[in-house]
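Written below as C-alpha cells is the structure these notes are about.
The values are calculated or read from the model by the stated rules, or taken from the named source; none is laboratory data. Everything numeric in this text was worked out from a predicted model, so none of it was measured. Reconstructed Cβ throughout: ideal geometry from the backbone, glycine too, with neighbour counts over all protein chains shown.
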Amino acid sequence: MPIVILLLILPVLLVFGATMASLRDIPFKGLFIFLGHSYTALLVTALVMAYCFGIHRGLSRDKVLKLATDSLAPVGSLMLIIGGGGALKQVIVDTGVGDYLGKMLMTGAISPLAVVWIIALCMRLAQGSATVAIVTAAGIAAPLVKNLPGYTPNELILALCCGGSAVSHMSDSGFWMVSQYFGTSVPETLKSWTGMKTVAAVLGLGIVLAAHALLR
C-alpha cells in the first residue's frame, strides 16, 4: 500500500520540485525543471509503475508491454474526441460566432445570469468539453457584462459554470469515462449521466437566480 500511495503522488512531487527549483538558484536546477515537466513526470511515473507492478513481480517485458498497450486503447479514443472538441472550439472562436451569439443575447430582455448560462450551454453543446465551454463562454461574456450594475462577478461566474456543466454528450471525454467505467451503453449514459448533469445545471441556475433576488 505505501508504494501505491507513493506512485500516486510521485508526479505531484516532481512538479512541485520543479516549481520550487524555478524560484531559486540551486544546483541541478535544469534537471529538476526537466523532471517536473508534466510530460516527463507522467512518463517517469509510468515507467516506475511498470517496473514495480510488472517486472518486479515476475512479469516478462512482453507482458508488461501488452498491459501498457491494452491500457492505451481506450485512452486513444478519448484523446481523439478531446482533440476534435478543441478544434471545433477554435473554429467557433476564430469565426466570431460566439461573440455574435453573446451580443445578441445581451441585447435581449432576459436576466444577464440566464444569458451567461445560455452562452456557456451553447458552447458546451457545440464542442462537448465543460472546461473549454466555461473558458470560452467566460471570454465571450466578460466584455459584455463588465461593470454590469446590480450583478456581482461571483453571481455571473456561478451561472456560467452551471451552464457549462450541462448536457454532457458524446464529444465530452467525461461522458466516455463514465460509460466505460460503469459499462453502460451510449443510450443508457445519455439517460443517466447526461440527464443528471442537465438537471444539476438547471437547478444551479435556479439557485443563483433565487439568491440574486433575495440578496440584492
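Limited to region 169-188, what total is found for residues that are farther than 18 Å from residue 75 by Cα and touching a helix residue (DSSP H, G or I) at 6+ places or on another chain (Cβ under 9 Å)?
Result for region 169-188: 1.
Residues in region 148-157: is at least one under 17 Å from residue 202 (Cα atoms), within 22 Å of the chain's Cα centre (by Cα) and either at pLDDT below 80 or of a type in the set (A, V, I, L, M, F, W, C) (or both)?
The answer is yes, given that some residue of region 148-157 is under 17 Å from residue 202 (Cα atoms), within 22 Å of the chain's Cα centre (by Cα) and either at pLDDT below 80 or of a type in the set (A, V, I, L, M, F, W, C) (or both).
Being modelled with pLDDT of 85 or more, closer than 17 Å to residue 201 by Cβ and buried (at least 23 other Cβ atoms within 10 Å of the Cβ), is that true of even one residue in region 125-133?
The answer is no, given that none of the residues of region 125-133 is modelled with pLDDT of 85 or more, closer than 17 Å to residue 201 by Cβ and buried (at least 23 other Cβ atoms within 10 Å of the Cβ).
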